[in-house]
Amino acid sequence: VLVESLVVFAIVLSVHGVVWDRFSWCALALALQAFYVQFKWDRLLQAGGAVFQFRGAANSGLLPASMVIPLLGIVMKERCRAAGIVYFERFGVVVASTGMLLALFLSVLGVGITKPVPTNTCILTGMAGSIIIYTMKHSLAVSEVIEVLEVLLIFVYLSMILLYLLPRCFTPGEALLVLGGVSFVLNQLIKRSLNVVEGKGDPIDFFLLVAVVGVILLGLFFTVLFIFMDSGTWISSMFFHMMTAVLGLGVIMPWLYRLIQRNPLLWLLQFLFQTQTRLYLLVYWTLLAASACGVVFYQNAKRSSESKKHQASTITRKYFHFIVVATYVPGLIYDRQLLYVAAVLCLAVFIFLEYVRYFRIKPFGQTLRHLLSLFLDERDSGPLILTHIYLLLGMSLPVWLFPRSCAPKGTLSGAGALVPYSGVLAVGVGDTIASVFGSTMGEIKWPGTKKTFEGTMTAIFAQIIAVALILIFDSSVNLNSSYAWILASVSLVSLLEAYTTQIDNLLLPLYLQIMFMA
């Protein structure tokens, strides 16, 4: 925990060494108090005194999670200020303020339920809160303050509902990242739905917002419904499919139509088959998806033929990382907008299939349970299997969060040109190579962890080679001699991978994106 915290502090200081403004004091104060409150949360988790059941075999992860959204907002604000885009500069300020307030709320909650009340930590949290609120008072307009408070309100209610319904699926830090992100997306969708201006806004952004909120609302609806009826019967399964079609065609489609001002299905088909390059990419991705399914079926056939219980090895699970890299790299080079939309569709399909598995919806629910149980690890200790969804999110978030409006000619300068590749580098290359080489050839372990020095060094080396290949094959990338910063960014994130117990598929790409954008 101490080394993980030191790496996060190093990233925070590196970012604010480049980007220093009034929010830097807030970020440093937030990091300091989160470091202390993190130990209170860890004691609560060990003693079973937390309000909800969180994921075991991991620390609270409060410090690394608390800094992600504020740092993203700060670096986005600076990039958009440099580009002269005032609207997105203010949006970055709102993102940073919202992230700080959500992290502060989780810290106050941790301090409040600790018995006896830790006086020194309370004072530190109070001081950090005072600095953050004072800065927000002098930085935000009234409408922006209301927006931040709306997200906080949604986060509180969403946390109470989902953490109760889904025990042992998240650590406090993962809950902050996932539920904070969903709360922000929901608030943005409501805000944009109430202020629709014809011709304003990119349809693919609206598509992301509606798809994420739609599948979350679908899950909440069926979770409440199946409290009162058995989800495993044919009648329940027919009702599930019927209501999915009704909600999709009767709620989600009209909602998207209101935002993009055209038929969503016709727009999507026209978008997907607009050019010959897109057609080639779709065929290629279909073949890769079929190969991924082939790996799943082959490994399950192998399990059936063995008398002892067979579980997929770490190397076997990393096959999917290689497939994902092969999926994303051509999309990033040839058509990022298509990759953006395809990733949204894939996320919606993944979550829907998880609903089918979790609720045992006929005819595929039980089959999915059997097939996916082979690939479970210690992070899937709750009722949901989320690691494959986190992998997709880790690869997609840098593409979705890339500030296109603040990027002249569709790319940022310097290390910022690598922002869309953050997921590919951190998870697809770095994490994969570290696991494969560390588990097969690693001998020197990092103190206090199962990760090896050889795995981390190989991961750094592999990511540098990957950057060189990106420079060769993607003509839009121009690093402008920012090689030292890229090496430092990759090294810090690789060290974080060695020490964190959080979901690395989600955390590492976001930190690498923050470093590249800074």
field: Top-ranked residue in segment 408-461 [being surrounded by fewer than 19 Cβ atoms within 10 Å (Cβ to Cβ) and among the small types (Gly, Ala, Ser); ranked as nearest to residue 317 (Cα to Cα)]
entry: 439
Of residues in segment 41-55 being open to solvent by less than 40 Å² (accessible area, probe 1.4 Å) and either among the acidic types (Asp, Glu) or not in a loop (DSSP other than H, G, I, E, B) (or both), the one farthest from residue 174 (Cα to Cα): 44
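Would you be able to tell me the number of residues in segment 449-479 that are among the hydrophobic types (A, V, I, L, M, F, W, C), part of a helix (DSSP H, G or I) and in contact with a helix residue (DSSP H, G or I) (Cβ under 7 Å, 6 or more places away or on another chain)?
Step one: filter segment 449-479 for residues among the hydrophobic types (A, V, I, L, M, F, W, C), giving 453, 457, 459-462, 464-473, 477, 479.
Among the residues that remain, those that are also part of a helix (DSSP H, G or I) are: 453, 457, 459-462, 464-473.
In the following step, the residues that additionally are in contact with a helix residue (DSSP H, G or I) (Cβ under 7 Å, 6 or more places away or on another chain) were identified as 459-460, 462, 464, 466-467, 470, 473.
So the count comes out to 8.
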- request: Kindly indicate whether any position in segment 352-370 is open to solvent by 20 Å² or more (accessible area, probe 1.4 Å), among the acidic types (Asp, Glu) and either out of contact with any His (no Cβ under 8 Å at 6 or more places or on another chain) or closer than 19 Å to residue 166 by Cα (or both).
  value: no
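Does residue 217 fit the bill of being under 21 Å from residue 506 (Cβ atoms) and either in a helix (DSSP H, G or I) or not hydroxyl-bearing (Ser, Thr, Tyr) (or both)? It would help to see each step written out before you state the result.
Numbers: under 21 Å from residue 506 (Cβ atoms): no; either in a helix (DSSP H, G or I) or not hydroxyl-bearing (Ser, Thr, Tyr) (or both): yes.
Here the answer is no, as residue 217 does not meet what is asked.
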- prompt: Residue check, residue 398 against (1) over 16 Å from residue 75 (Cβ atoms); (2) in contact with a Phe, Trp or Tyr (Cβ under 8 Å, 6 or more places away or on another chain), all met but one. Which one?
  reply: (1)
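Of all residues in segment 59-68 being assigned to a loop (DSSP other than H, G, I, E, B) and within 18 Å of the chain's Cα centre (by Cα), which is surrounded by the most Cβ atoms within 10 Å (Cβ to Cβ)? Steps first, please.
First, pick out the residues of segment 59-68 that are assigned to a loop (DSSP other than H, G, I, E, B): 59-61.
Subsequent filtering for residues that are within 18 Å of the chain's Cα centre (by Cα) retains 60-61.
On the way: 60: 31, 61: 28.
Only one residue tops the list, namely 60.
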statement: Among residues of segment 497-518 being of a type outside the set (S, T, N, Q) and assigned to a loop (DSSP other than H, G, I, E, B), the residue farthest from residue 60 (Cα to Cα) is 518
- request: Determine if segment 462-471 includes at least one residue that is buried (at least 22 other Cβ atoms within 10 Å of the Cβ) and under 30 Å from residue 54 (Cβ atoms).
  value: no
field: residue 117, sole failed condition from (1) in a helix (DSSP H, G or I); (2) over 27 Å from the mean Cα position of the chain (by Cα); (3) modelled with pLDDT under 90; (4) farther than 18 Å from residue 63 by Cα
entry: (1)
message: Suppose we filter segment 367-417 for residues that are in a helix (DSSP H, G or I), within 29 Å of residue 52 (Cα to Cα) and more than 15 Å from the chain's Cα centre (by Cα); how many remain?
response: 7
task: Check 153, 208, 179 and return the single one that is closer than 30 Å to residue 67 by Cβ, assigned to a helix (DSSP H, G or I) and touching a Ser or Thr at 6+ places or on another chain (Cβ under 8 Å).
output: 179
- line: Considering segment 4-27, residues that are crowded, with 16+ Cβ neighbours inside 10 Å and aliphatic (A, V, I, L, M), and then whichever is modelled with the lowest pLDDT, we arrive at 19
- request: Out of the residues in segment 161-192 that are touching a Phe, Trp or Tyr at 6+ places or on another chain (Cβ under 7 Å) and among the small types (Gly, Ala, Ser), state the one that is nearest to residue 250 (Cα to Cα).
  value: 183
- prompt: Any residue in segment 480-496 that is open to solvent by less than 20 Å² (accessible area, probe 1.4 Å), outside any helix (DSSP H, G or I), in contact with an Asp or Glu (Cβ under 7 Å, 6 or more places away or on another chain) and at pLDDT 85 or above?
  reply: no
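In segment 69-79, is there at least one residue being more than 20 Å from residue 11 (Cα to Cα) and open to solvent by less than 10 Å² (accessible area, probe 1.4 Å)? Write out each step before concluding.
So in segment 69-79, the residues more than 20 Å from residue 11 (Cα to Cα) come out as none.
The answer is no, given that none of the residues of segment 69-79 is more than 20 Å from residue 11 (Cα to Cα) and open to solvent by less than 10 Å² (accessible area, probe 1.4 Å).
Answer with yes or no whether residue 111 is in a helix (DSSP H, G or I), modelled with pLDDT under 85 and either among the aliphatic types (A, V, I, L, M) or open to solvent by less than 20 Å² (accessible area, probe 1.4 Å) (or both).
Values: in a helix (DSSP H, G or I): yes; modelled with pLDDT under 85: yes; either among the aliphatic types (A, V, I, L, M) or open to solvent by less than 20 Å² (accessible area, probe 1.4 Å) (or both): yes.
For residue 111, the condition - in a helix (DSSP H, G or I), modelled with pLDDT under 85 and either among the aliphatic types (A, V, I, L, M) or open to solvent by less than 20 Å² (accessible area, probe 1.4 Å) (or both) - is met.
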message: Can you report the number of residues in segment 182-205 which are part of a helix (DSSP H, G or I), free of Cβ contacts under 8 Å to residues at least 24 places away in the same chain and under 24 Å from residue 269 (Cα atoms)?
response: 1
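The values are calculated or read from the model by the stated rules, or taken from the named source; none is laboratory data. Here the structure is a predicted model, which means the values were calculated and not measured. Because the Cβ atoms are built from the backbone with ideal geometry, glycine has one as well, and the counts that use them run over all protein chains shown. Accessible surface areas use protein heavy atoms only, side chains included; no ligands, DNA or RNA. Shrake-Rupley method; radii C 1.70, N 1.55, O 1.52, S 1.80 Å.
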